[in-house]
Amino acid sequence: METMFDTLLQLPLFQGLCNEDFTSILEKVKLHFIKHKAGETIIENGSACTQLCFLLKGEVSIVTNSPKNIYTVIEQMEAPYLIEPQSLFGMSTHYASSYIAHTEAHTVSISKAFVLSDLFKYDIFRLNYMNIVSNRAQNLYSRLWEEPAQDLKNKIIRFFLLHCEKTQGEKIFKVKMDDLARYLDDTRLNTSKALNELQDNGVLELRRKEILIPDAVKLVND
């Protein structure tokens, strides 16, 4: 039977560590295991990031609000998953999103102090951490240089994909049609027509003040 420690070893941060090193880490670090009920807020947007938090079991909803709360993006993430490692350091050490248990979820956290005092002594851990943060930065930078969309439908698809952490899985965009049209620099009527065309193609579902995308992979292939 797989244990919590087996799950920790599956996380990219710990991959490559030998059993001896991992055992040594577990003997020294104080791990905070928490079980969350479905619907419970695990991390609140804007709160200080003072620890590495790992989702070991279950599924979370990542809720991200735009400036001035004009639109909200919700996507699901399954365990194992490391929550916002990029927020632990830098000019802004606060969480950019809220994390809510979509199902019963188990998390474990490691303090920033222990990361600095002990974990960074291990070359493998340090390299894994730098790779995770670097890959995220490179991915975001590459998006800036993508070819501009040629029509409104592709502009909509690009808007959705730019606001997703990963392509796979269900996404919900809570946004008014007028606000979406303004972001796309087009009319409300044209935006509505393009969205209805995407709905007819089976890649999204229009609801009142929100758009459900059952699987964002279909957007890429549309």
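The values are calculated or read from the model by the stated rules, or taken from the named source; none is laboratory data. These numbers come from a predicted model, not from an experiment. As a convention, Cβ positions derive from the backbone with ideal geometry for all residues, glycine included, and neighbour counts pool all protein chains shown. Areas reflect the complete protein model, heavy atoms only, side chains present, ligands, DNA and RNA absent. Shrake-Rupley method; radii C 1.70, N 1.55, O 1.52, S 1.80 Å.
Numbers below:
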read-out: Helix 123-144 vs. the chain, principal-axis angle (Cα, 0 to 90°, nearest 10); value: 10
read-out: Segment 180-199 and segment 38-115: distance between their alpha carbon centers, rounded to Å; value: 31
read-out: Distance in nm between pseudo-label sites at N221 and L31 (7 Å out along the Cβ direction from Cα); value: 3.8
read-out: Accessible carbon and sulfur surface of the chain relative to its total accessible area, %, 1.4 Å; value: 52
read-out: Added length on full extension, which subtracts the Cα-Cα distance from 0.36 nm per residue, N19 to E78; value: 18.7 nm
read-out: Extension gain (nm, one decimal) between V133 and K209, 0.36 nm per residue minus Cα-Cα; value: 24.0 nm
read-out: Accessible area in square angstrom per residue, the chain, 1.4 angstrom probe; value: 56
read-out: Rounded to whole Hz, the Karplus (6.51, -1.76, 1.60) HN-Hα couplings of segment 201-216, x for glycine and proline; value: 7, x, 9, 8, 10, 7, 10, 5, 6, 8, 10, 9, 10, x, 8, 5
read-out: For K57, residues with placed amide H under 5 Å, excluding near neighbours; value: H106
read-out: FRET efficiency for E40 and I124, using Cβ-Cβ distance with R0 set to 30 Å, rounded to 0.05; value: 0.35
read-out: All Cα pairs of the chain, percent lying beyond 22 Å; value: 57
read-out: In sequence order, calculated HN-Hα J values of segment 61-76 (Karplus, 6.51, -1.76, 1.60; Hz; x Gly/Pro); value: 9, 8, 10, 10, 9, 6, x, 6, 6, 6, 9, 10, 10, 10, 9, 9
read-out: Net charge of Cβ neighbours under 14 Å - reference T50; Lys, Arg +1; Asp, Glu -1; value: 0
